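Enquirer: Just passing along the structure, written as structure tokens.
A short reminder: the numbers here are calculations on the coordinates, not readings from a lab. These numbers come from a predicted model, not from an experiment. Ideal geometry is used to build each Cβ from the backbone, glycine not excepted, and the neighbour counts take in all protein chains shown.
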Amino acid sequence: MSMIPDNARRQLREEGWCVLPKLMNPPELRRVNDALDRVVGEMRRRGASTHSALLDPNDSNIRVYNLPDWDPVFVELLRHPACLEIVREVLGEGVIVSNFSGNIALPGSRPMRIHSDQALSVPDPWLEPWALNLIWCLDDVYDANGATRFVPRSHKYTRFSEVPKDLAEQTVAFEAPAGSLIAMDGRVWHTSGSNRTESARRAMLFGYYVRDFVRQQVNWDVCLSPETQASLDQGARELLGMGPKANVRIGSALSRLSPDAELPDILSQGARENA
Ligand SMILES: O=C(O)CCC(=O)C(=O)O
């Protein structure tokens, strides 16, 4: 049975986003939050910076990269059945994880620059979704605590020249209870909000999935430790796009010498798949 209600599916297609509320139950949410707290504690213990000065105006944003290397729970999140269902529906069967990182916006945090993630990975024109963000809310997220801000329907912009200069002024904040998953078309223009609260944390995890011919932001073969790599099963390795082979799936029927498939069949099959 589908985990994605029809109205959410329609909203994702037409508006570029949808929220699947409370996909994690309280113990699951606690487990993920505990893991994230451990990561931040360990980064501090090692003296690693949690401030990305290239992205964030001040150090009230705590950035955590390479999540699958820190705890198996993050690999489980990437493979959550709802995530796999929705990425396959939007991007098709050939999907890999380009990046998985966390951004904890503490009081005083300020917005980064507005962008679409597909525009970070793929030159224009952006005619189809080649990327999808699946964002886990580890706290209630809302305007005042700096929830991600986005421009509804901005996935319709196909070129840099179409993107309005005042786009940052058209954003609205996501609102979702802790444990929810936000699905956002990779072409949606968005930014982080300002956390204007006294004490409310806003932690969100950003799973960035792409079609498997798009080069990943992270090379997992290099970034995951040998121990993590050894712990991954074949399904996880494939989802992370790991191993000696990279971009060989799409044209495989075309190049393979096979007595069962003649060129005209392959050409019409390819035309159907690309339609
Ligand atoms: O933290 C957020 O709300 C947005 C983060 C983001 O868009 C990014 O890191 O690219």
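Enquirer: Taking only Cα atoms and a 10 Å spring cutoff, compute GNM fluctuations for the chain and point out the largest among L257, L54, L77.
Expert: It is L257.
Enquirer: Moving to a separate point now. Go through region 125-142 residue by residue and turn each phi into a ³J(HN,Hα) via Karplus (6.51, -1.76, 1.60, θ = phi - 60°); whole Hz please, and just put x for glycine and proline.
Expert: x, 9, 8, 9, x, 9, 8, 9, 9, 10, 10, 8, 8, 8, 10, 4, 10, 7
Enquirer: Mind ordering 31-37, 62-68, 202-208, 139-145 by average Cβ neighbours within 10 Å, highest first?
Expert: Packing order, densest peptide first, comes out as 202-208, 62-68, 139-145, 31-37.
Enquirer: Note the direction-averaged projected area, equal to a quarter of the hull surface, for the Cα convex hull of region 1-86, in nm².
Expert: Numbers: hull surface 30.6 nm².
Mean projected area for region 1-86: 7.6 nm², to one decimal.
Enquirer: Expected output is a single nm value to one decimal: the length gained when fully extending between L254 and D143, i.e. 0.36 nm times separation in residues minus the C-alpha distance. What is it?
Expert: Values: separation 111, 0.36 × 111 = 39.96 nm, distance 4.98 nm.
Answer, rounded to one decimal: 35.0 nm.
Enquirer: Give me a comma-separated list of calculated 3J(HN,Hα) values for region 94-106, in order, Karplus coefficients 6.51, -1.76, 1.60 applied at θ = phi - 60°, integers in Hz, x for any Gly or Pro.
Expert: Calculated HN-Hα couplings, in order: x, 10, 9, 8, 8, 6, 8, 9, x, 9, 9, 9, 8 Hz.
Enquirer: Among 237-243, 195-201, how do they line up by average Cβ neighbours within 10 Å per residue, starting with the highest?
Expert: On the way: 237-243: 18.7, 195-201: 14.9.
Ranking the peptides 237-243, 195-201 by packing returns 237-243, 195-201.
Enquirer: Let me ask another. Test of understanding: express the Cα radius of gyration of the chain as a ratio to 2.2 N^0.38 Å, with N the residue count.
Expert: That ratio works out to 1.04.
Enquirer: Roughly how big is the chain's charge dipole about its Cα centre, with Cβ charges of +1 (Lys, Arg) and -1 (Asp, Glu), in debye to the nearest 20? Before the final figure, lay out the partial values.
Expert: On the way: 31 positive and 36 negative charges, 103 e Å.
The calculation lands at about 500 debye.
Enquirer: Using 0.36 nm times the number of residues separating E28 and E198, minus their current alpha carbon distance, what extension gain do you get? The partial results should precede the final answer.
Expert: Details: separation 170, 0.36 × 170 = 61.20 nm, distance 2.68 nm.
Gain on extension, E28 to E198, equals 58.5 nm.
Enquirer: Okay, moving on. Distance from the Cα centre of region 146-178 to that of region 1-78, in angstrom?
Expert: Value for the Cα centre distance between the two parts: 20 Å.
Enquirer: For region 159-173, in order, what is each residue's ³J(HN,Hα) by Karplus, 6.51 cos²θ - 1.76 cosθ + 1.60 with θ = phi - 60°, in whole Hz (x at glycine and Pro)?
Expert: Listing the rounded values in order: 9, 3, 5, 8, 7, x, 5, 9, 4, 4, 7, 9, 7, 10, 8 Hz.
Enquirer: If each DSSP helix of 4+ residues adds -39,500 (n - 2.57) and the sum is divided by the residues in the chain, what number results at 222 nm, nearest 500 deg cm²/dmol?
Expert: Working: 10 runs with 86 residues, N = 275.
Helices in the chain give a 222 nm mean residue ellipticity of -8500 deg cm²/dmol.
Enquirer: Tell me which residues come under 5 Å, amide H to amide H, from V141 once H is placed; ignore anything under 5 positions away on its chain.
Expert: It is A176, A178, by chain and number.
Enquirer: What residues from region 217-243 fall in the zone where the backbone N is under 12 Å from a label point 7 Å along the Cα-to-C-beta line of A48?
Expert: 223-225
Enquirer: Further, regarding this structure: If R0 is 30 Å, what FRET efficiency do you get for D166 and E14 from their C-beta distance, rounded to 0.05? Before the final figure, lay out each step's value.
Expert: Values: r = 23 Å, r/R0 = 0.77.
For R0 = 30 Å, the calculated efficiency reads 0.85.
Enquirer: At 1.002 mPa s and 20 °C, plugging the Kirkwood radius over alpha-carbon pairs of region 119-275 into Stokes-Einstein gives what diffusion coefficient in µm²/s? Walk me through the intermediate numbers first.
Expert: On the way: Rh = 18.8 Å.
Approximately 114 µm²/s, per Stokes-Einstein.
Enquirer: Relative to a virtual label point 7 Å from the Cα of Q217 in the Cα→beta-carbon direction, which members of region 98-121 show backbone nitrogen distances below 19 Å?
Expert: Hits in region 98-121 for Q217 at 19 Å: 98-106, 110-121.
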